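Below you'll find the structure, written out as structure tokens, and then a few comments.
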């Protein structure tokens, strides 16, 4: 847009397809971020070494969560990463902000 007017005319179909593609791309990014968040460091104990934790604890914990939530949780291979980093929740938070931006843009286009 230029000065609140379309720079070039676009069809309603083009506009609708753009919105659909934006929402679909946002959904994919959210799904990827959720997959990262589903990797759990349980069984790594306080710092990630797993010392004093039963060897089957992580697997049993993930199995219990999967059965009770239906969500595809998995055990994080490198427990140190899950214990010390906050990358996954930060990435998910960023994707939620992205969702807000996309829907704000669509709402403004409809205005």
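What follows is calculated from the coordinates using simple rules that are stated; it is not laboratory data. For clarity, every value in this text was computed on a predicted model and none was experimentally measured. Ideal geometry is used to build each Cβ from the backbone, glycine not excepted, and the neighbour counts take in all protein chains shown.
Quick notes on this structure:
- Two-site label geometry, residue 101 and residue 15: point separation in nm, points 7 Å out along Cα→Cβ: 2.3
- For the chain, the fraction of C-alpha pairs more than 16 angstrom apart is 70%.
- Acute angle (nearest 10 degrees) that the helix 57-69 long axis makes with the longest principal axis of the chain, alpha-carbon atoms: 40
- Using just its DSSP H runs of length 4 or more, each adding -39500 (n - 2.57), the chain gives a mean residue ellipticity at 222 nm of -21000 deg cm²/dmol after division by all residues.
- Cα-based helix-to-principal-axis angle, 87-110 vs the chain, degrees rounded to 10: 20
- Between helix 12-37 and the chain there is an angle of about 10 degrees, using the helix long axis and the longest principal axis of the Cα atoms.
- Each Cα pair under 8 Å and six or more residues apart adds its sequence gap; the mean of these over the residue count of the chain is a relative contact order of 31 percent.
- Sorted ascending by nearby beta carbons within 10 Å, beginning with the fewest, 84, 55 become 55, 84.
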